[in-house]
Amino acid sequence: MAFSPSGVLYVATGDGGIFRINDGAKSRDKAAAGRQIYRQHCASCHGAKLEGQPNWRVRKPNGRLPAPPHDETGHTWHHTDDVLFGITKKGIAGFASPGYESDMPAYKDILTDEQIWAVLAFIKSRWSEEIQARHKARGAGNGG
Ligand code: HEC
């Protein structure tokens, strides 16, 4: 880890990548913690590099969707922070039509609210500045 005078933090991700966090110490710490949580709880489905599962737009034989990417190629960044938080905490059910079946687990008994915000901060820290700006422009940059 290295700090530049401007407070920008570059973190080696261990998979050959580097991500940059540039909005203050609080979100830096949160994103670093979130990375561990992501690896432990999300990477098995959403991918070590946030790439999602192969053919994630195509339903599986059981009718359920594969896990989508959380990088810029997915639609995670189209959702507000509150929706992302809600999906992670409660699962997809509350955000889909009744009876919708999904493999996305609810983390309400597994992660604290703080841990959920941390993992979302990590995911967001992997987006380019442009996508982060577009996410904010959607009124989505609250809370995280
Ligand atoms: C067991 C596999 C699995 C794990 C583990 C998992 N997810 Fe998911 N996730 C999914 C699937 C499958 C979907 C798509 C669900 C659907 O649309 O039916 C999804 C969807 C999502 C979405 C909605 C994305 C969008 O663009 O609509 C978010 C946000 C999300 N997951 C966050 C997380 C986070 C954060 C973690 C770790 C704390 C996690 N997921 C762990 C399978 C998983």
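No value in this document is a laboratory result; all are computed from the given coordinates. Note that this is a predicted model, so its numbers are computed, not measured. Because the Cβ atoms are built from the backbone with ideal geometry, glycine has one as well, and the counts that use them run over all protein chains shown.
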Pairwise label distance in nanometres, ASP29 with ASN55, each label 7 Å out on the Cα-Cβ vector: 4.6 nm
Straight-distance crosslink candidates among lysines, where the alpha carbon sits under 24 Å from LYS124 and sequence neighbours closer than 8 are dropped: LYS26, LYS30, LYS49, LYS89, LYS90, LYS108, LYS136
Ascending count of other beta-carbon atoms within 10 Å, so fewest first, for HIS46, HIS41, HIS78: HIS78, HIS41, HIS46
Residues THR88, THR112, THR80, sorted so that the one with the fewest Cβ neighbours within 10 Å comes first: THR112, THR80, THR88
Cβ-based exposure ranking for LEU120, LEU65, in which fewest neighbours within 10 Å come first: LEU65, LEU120
Square roots of 5 times each gyration tensor eigenvalue, C-alpha, the stretch 35-144, largest first, Å: 21, 16, 15
